[in-house]
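Enquirer: I have a structure I would like to understand better, so I am pasting it below and will then ask my questions one at a time.
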Amino acid sequence: TIILADFLNTTGDPVFDSTLKVALAVALEQSPFLKVFPDDRAHEELLLMQRSVNESITRAVARQIAQREQLKALVAGSITSLGRHYVVGVEVVNAETGDVMAREQVEANSKEEVLTSLGAAASRLRRTLGESLSSIRRFDVPLPQATTPSLEALHAYALAIDEGRVNDQRPESIPHLKRAIELDPHFALAMAQLSGTYTNTWQSALAPEWSRKAFELRDRVSERERYMISWRYYRDATQAWDKGLELARSWTDAYPRESTAFNSLGRAAWALGKYQQAIAPLQESIRLDPRFFAPRLNLLWTQTALNQFDAAKQVLEEARAANVHSIGFPQMAYLFAFVDNDAATMARELA
């Protein structure tokens, strides 16, 4: 797992702000061997470091977060202008020592070629870090195809990600996503994100349209994003849990370090009433990402469905001990207290 620092942009062009960091994350996470530390998690870490949640994740700050989270490396990128050309640099830095482990530098002849050049640098970086050529060939969609060839559309998408990070996926990010889709009507990632934002802001009736559109364009994205988009389609648009289960099995095989994949496998099994089958993948999802709330909540529901109330209560206690939050946890705590006729706990959970 690696953490990305914010790109150092000395071009004076704001279109590169946040944009290249989002693009680099997509490029690197095509690899089954690399996982990018979630940006929202990094900004949560800032609060624990007594810094502003909106502070930039500089190279130095990224290294501090990496050390706190016991991550081995950080990736720092930069872009400078050279006349009409641009120079993009990417470095992998040992979080413990500060030594540069790998470095790539590429030149783009125009603004329109920056994404292509960045993607090529990321591919070479993956090989330098030890990923096999066969793996890179299988999991390496060019960045303009995996995201969008429009820097302006990607910039709007990055603004939506920033808005969602700061405001917990509130509706403020929706106009940015709509703008991204307006600039590139084939921007599948933006459509999938819009679907997810509608779902997460209790506007689920608006989600299926965008999950369907993203699904229709799934062949344009990376392998990892294709799994994400297909899962969202089966979950939000069609509720085809049998197909979702099959997809999630393939997903966990392709990306064995992907917590979301194992959570999806457990969620699909749960939806099909295969509660016992759901437990192991949900536990693996928690192991891969202890701060991810969804598998803990799904495991809580699963064990409740199996009448394993003591085990379910243990999941609830572990979530709270790990400082993992979701509205579902106090709801379930209230339910257990109601069953136990525990009025004091019911009142506390309502407070």
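The values are calculated or read from the model by the stated rules, or taken from the named source; none is laboratory data. Predicted, not measured: the structure shown is a model, and the values here were computed from it. Ideal geometry is used to build each Cβ from the backbone, glycine not excepted, and the neighbour counts take in all protein chains shown. Just the protein is used for accessible areas: all its heavy atoms, side chains included, with ligands, DNA and RNA removed. Shrake-Rupley method; radii C 1.70, N 1.55, O 1.52, S 1.80 Å.
Enquirer: Take the residues in the stretch 182-195 that are in a helix (DSSP H, G or I) and open to solvent by less than 20 Å² (accessible area, probe 1.4 Å); name whichever of them is nearest to R220 (Cα to Cα).
Expert: The residue in question is A188.
Enquirer: State all residues of the stretch 269-284 that are more than 27 Å from the chain's Cα centre (by Cα) and not in a loop (DSSP other than H, G, I, E, B); if no residue qualifies, say none.
Expert: Q276
Enquirer: Can you name the condition, by its number, that R59 falls short on among (1) closer than 30 Å to S173 by Cα; (2) open to solvent by less than 60 Å² (accessible area, probe 1.4 Å)?
Expert: Result: R59 passes all but (2).
Enquirer: Same structure again: If L118 meets every condition in (1) of a type outside the set (F, W, Y); (2) open to solvent by 10 Å² or more (accessible area, probe 1.4 Å); (3) in contact with a Leu (Cβ under 9 Å, 6 or more places away or on another chain) apart from one, which number is that one?
Expert: Tallying (1) of a type outside the set (F, W, Y); (2) open to solvent by 10 Å² or more (accessible area, probe 1.4 Å); (3) in contact with a Leu (Cβ under 9 Å, 6 or more places away or on another chain), L118 fails exactly one: (2).
Enquirer: On to the next question. Can you tell me which of (1) at pLDDT 95 or above; (2) open to solvent by 30 Å² or more (accessible area, probe 1.4 Å); (3) more than 27 Å from L206 (Cα to Cα) is the one L299 doesn't meet?
Expert: It is condition (2) that L299 fails.
Enquirer: Then there is this: Those residues that are touching a residue at least 60 places away in the same chain (Cβ under 8 Å) and crowded, with 18+ Cβ neighbours inside 10 Å, I need them from the stretch 79-94; list them, please. Quick ask: steps written out before the conclusion?
Expert: Step one: list which residues in the stretch 79-94 are touching a residue at least 60 places away in the same chain (Cβ under 8 Å), which gives 79-81, 86, 88, 90, 92.
Hits for the stretch 79-94 are I79, Y86, V88, V90, V92.
Enquirer: Against the condition of a type outside the set (D, E), under 22 Å from R137 (Cα atoms), under 18 Å from the mean Cα position of the chain (by Cα) and open to solvent by 70 Å² or more (accessible area, probe 1.4 Å), how does R257 come out, does it pass?
Expert: yes
Enquirer: Identify, please: which residue in the stretch 65-77 is surrounded by 18 or more Cβ atoms within 10 Å (Cβ to Cβ) and out of contact with any Ser or Thr (no Cβ under 7 Å at 6 or more places or on another chain) and is, among those, farthest from D289 (Cα to Cα)?
Expert: The extreme case among them is G77.
Enquirer: Can you tell me how many residues within the stretch 196-233 are open to solvent by 50 Å² or more (accessible area, probe 1.4 Å), assigned to a helix (DSSP H, G or I) and either farther than 25 Å from L34 by Cα or without any contact (Cβ under 8 Å) to a residue 12 or more places away in the chain (or both)?
Expert: Summing the residues that are open to solvent by 50 Å² or more (accessible area, probe 1.4 Å), assigned to a helix (DSSP H, G or I) and either farther than 25 Å from L34 by Cα or without any contact (Cβ under 8 Å) to a residue 12 or more places away in the chain (or both) in the stretch 196-233 gives 10.
Enquirer: Filter the stretch 263-297 for residues that are closer than 16 Å to Y234 by Cβ and touching a Pro at 6+ places or on another chain (Cβ under 6 Å) and give the result.
Expert: N263, L265, G266
Enquirer: If the requirement is being closer than 24 Å to S110 by Cα and hydrophobic (A, V, I, L, M, F, W, C), which of these qualifies: A146, A160?
Expert: Of the residues listed, the single one that is closer than 24 Å to S110 by Cα and hydrophobic (A, V, I, L, M, F, W, C) is A146.
Enquirer: Same structure, new question: State whether one or more residues within the stretch 162-174 are more than 24 Å from K35 (Cβ to Cβ), of a type in the set (A, V, I, L, M) and open to solvent by less than 30 Å² (accessible area, probe 1.4 Å).
Expert: The answer is yes; a qualifying residue exists.
Enquirer: How many of the residues making up the stretch 1-46 are open to solvent by 50 Å² or more (accessible area, probe 1.4 Å) and more than 20 Å from the chain's Cα centre (by Cα)?
Expert: Total satisfying the criteria: 4.
Enquirer: Out of contact with any Asp or Glu (no Cβ under 9 Å at 6 or more places or on another chain) and either charged (D, E, K, R) or over 21 Å from R249 (Cβ atoms) (or both): which single residue out of A333, A319, A278 fits that description?
Expert: Working: A333 fails: out of contact with any Asp or Glu (no Cβ under 9 Å at 6 or more places or on another chain); A278 fails: either charged (D, E, K, R) or over 21 Å from R249 (Cβ atoms) (or both).
Being out of contact with any Asp or Glu (no Cβ under 9 Å at 6 or more places or on another chain) and either charged (D, E, K, R) or over 21 Å from R249 (Cβ atoms) (or both) holds for just one of A333, A319, A278, which is A319.
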